[in-house]
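The values are calculated or read from the model by the stated rules, or taken from the named source; none is laboratory data. Bear in mind that the values here come from a model prediction, so they are computed numbers and not experimental data. Quick reminder, even Gly has a Cβ in these numbers, built from the backbone with ideal geometry, and neighbours come from all protein chains shown.
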Amino acid sequence: MRTAYTWACILMTVVAAGAGDVLLAFAMRRIGDLGELRRQHGPGVVAGRLLSSGTLYAGVFFMAIAFFTNLIGLSWGDLSIVGPASAALTFIANAVAAKFLLRENVDHRRWLATLFVCCGVLLLTSS
Amino acid sequence: MTVRKWAVILSMVFFSSVGDAFLARGMKSAPSIDVHHVMDVLSVMANPFVIFGIFSLLAFMYSYMTALSFADLSYVLPASAISYVFMVLLSIFWLHEHVGRQRWLGVAFIVVGVGFVARGPVRTENASKKEPVAETVEERR
């Protein structure tokens, strides 16, 4: 039963982290290049746009959920399972979400990069 | 990609690695936290390493948002994975941890993965032409 709870937490972490990253990416795409904005309108406008973005707050909220579900998962399961599984699955979930929700062109180079980074993270965190 | 954009990606990697290393150092020097007294975690907030770690992670968050404002999510995430390599180097030289063969193999995989994504465009043409699903849903309301 404990294993089922641990995997439920891993799944929730992956979904919440993916949702957080996608919402954040979506919000930043709508706000525009922060460097250009700062140069053209000053830091006040940048702060105003960031603070008035509801999507950004939603992204941060989901990231907070991912953080706490990860902590709960770590209290139930082994670090050697929870750490690598949630990190590697989050990379894959984000690539899939970027392709289908953000409509990014995730070409073979980016898929390969995601897979290599996934394997690297698994090796690093499970040692 | 311009020098400024590379600097943003590198600052993201730097602040993420330094933040995690400072938090790890702070948590190691603090007394262990009992499961039944989780609120004791607040006592470590006075630790200078933990404070510096939190500020570094806030700087990482701003760099991350800046990077997402000019690059795709599917570019930024694999590119930022190089922070795992920095963390391994910090754990060797600062925290004096032992790093075995498996970890070095992991580092090699990450470096190859980052190499793949770094050679491609930061923002794909298709992403700007097609409407993201989230935007389409918002417009329908």
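So which of A:Arg39, A:Arg29, A:Arg49 is surrounded by 17 or more Cβ atoms within 10 Å (Cβ to Cβ), out of contact with any helix residue (DSSP H, G or I) (no Cβ under 6 Å at 6 or more places or on another chain) and not hydrophobic (A, V, I, L, M, F, W, C)? Working first, answer last.
Details: A:Arg39 fails: surrounded by 17 or more Cβ atoms within 10 Å (Cβ to Cβ); A:Arg49 fails: out of contact with any helix residue (DSSP H, G or I) (no Cβ under 6 Å at 6 or more places or on another chain).
Answer to the check: A:Arg29.
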Only one of (1) modelled with pLDDT under 85; (2) at the interface with chain A (Cβ under 9 Å from one of its Cβ atoms); (3) out of contact with any Pro (no Cβ under 9 Å at 6 or more places or on another chain); (4) in a helix (DSSP H, G or I) fails for B:Val117. Which number is that?
(3)
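Each row is one residue, and each column tells you yes or no for (1) of a type in the set (Ser, Thr, Tyr); (2) within 18 Å of B:Ser17 (Cα to Cα); (3) touching a Ser or Thr at 6+ places or on another chain (Cβ under 8 Å).
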| position | (1), (2), (3) |
| --- | --- |
| B:Gly53 | no, yes, no |
| B:Ala59 | no, yes, yes |
| B:Met87 | no, yes, yes |
| B:His96 | no, yes, no |
| B:Arg119 | no, no, no |
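If you check A:Ile92 against the conditions, is it surrounded by fewer than 17 Cβ atoms within 10 Å (Cβ to Cβ) and either part of a helix (DSSP H, G or I) or facing chain B (nearest Cβ under 10 Å) (or both)? Step through it out loud before you land on a result.
Values: surrounded by fewer than 17 Cβ atoms within 10 Å (Cβ to Cβ): yes; either part of a helix (DSSP H, G or I) or facing chain B (nearest Cβ under 10 Å) (or both): yes.
Against the criterion (surrounded by fewer than 17 Cβ atoms within 10 Å (Cβ to Cβ) and either part of a helix (DSSP H, G or I) or facing chain B (nearest Cβ under 10 Å) (or both)), A:Ile92 qualifies.
Would you check if B:Glu135 is modelled with pLDDT under 80, over 18 Å from the mean Cα position of the chain (by Cα) and within 24 Å of A:Ala47 (Cβ to Cβ)? I'd like the intermediate steps shown before the answer.
On the way: modelled with pLDDT under 80: yes; over 18 Å from the mean Cα position of the chain (by Cα): yes; within 24 Å of A:Ala47 (Cβ to Cβ): yes.
Yes: the conditions hold for B:Glu135.
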Count of segment A:44-62 residues which are outside any helix (DSSP H, G or I) and in contact (Cβ under 8 Å) with a residue 40 or more places away in the chain
0
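Kindly establish whether A:Asp107 is at the interface with another protein chain (Cβ under 10 Å from one of its Cβ atoms) and either closer than 16 Å to B:Ala67 by Cα or modelled with pLDDT of 90 or more (or both). Please lay out each step first, then the result.
Working: at the interface with another protein chain (Cβ under 10 Å from one of its Cβ atoms): yes; either closer than 16 Å to B:Ala67 by Cα or modelled with pLDDT of 90 or more (or both): no.
Spelling it out, it is not the case that A:Asp107 is at the interface with another protein chain (Cβ under 10 Å from one of its Cβ atoms) and either closer than 16 Å to B:Ala67 by Cα or modelled with pLDDT of 90 or more (or both).
Which residues, counting only those in segment A:2-47, are of a type in the set (Asp, Glu) and modelled with pLDDT under 90?
A:Asp33, A:Glu36
Looking at segment B:80-94, which of its residues are assigned to a helix (DSSP H, G or I) and of a type in the set (Gly, Ala, Ser)? Don't jump to the end; show me each part of the working.
From segment B:80-94, those assigned to a helix (DSSP H, G or I) are B:80, B:82-93; that's our starting set.
B:Ser80, B:Ser83, B:Ser91, listed by residue number.
Only one residue in A:Thr69, A:Thr114 is polar (S, T, N, Q), within 11 Å of chain B (Cβ to nearest Cβ) and either touching a Pro at 6+ places or on another chain (Cβ under 8 Å) or surrounded by 20 or more Cβ atoms within 10 Å (Cβ to Cβ) (or both), so which one is that? So that I can check it myself, show each step before the final result.
Working: A:Thr69 fails: within 11 Å of chain B (Cβ to nearest Cβ).
Only one candidate qualifies: A:Thr114.
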Report the residue count in segment B:95-113 for those that are outside any helix (DSSP H, G or I) and more than 8 Å from chain A (Cβ to nearest Cβ).
5
For segment A:1-48, give me each residue that is at the interface with another protein chain (Cβ under 8 Å from one of its Cβ atoms) and under 30 Å from A:Trp76 (Cα atoms).
A:Asp21, A:Val22, A:Leu23, A:Leu24
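Just wondering, is there one or more residues in segment B:48-64 that are at the interface with chain A (Cβ under 7 Å from one of its Cβ atoms) and surrounded by 15 or more Cβ atoms within 10 Å (Cβ to Cβ)? Walk me through it before giving the result.
Step one: filter segment B:48-64 for residues at the interface with chain A (Cβ under 7 Å from one of its Cβ atoms), giving none.
No, segment B:48-64 contains no residue that is at the interface with chain A (Cβ under 7 Å from one of its Cβ atoms) and surrounded by 15 or more Cβ atoms within 10 Å (Cβ to Cβ).
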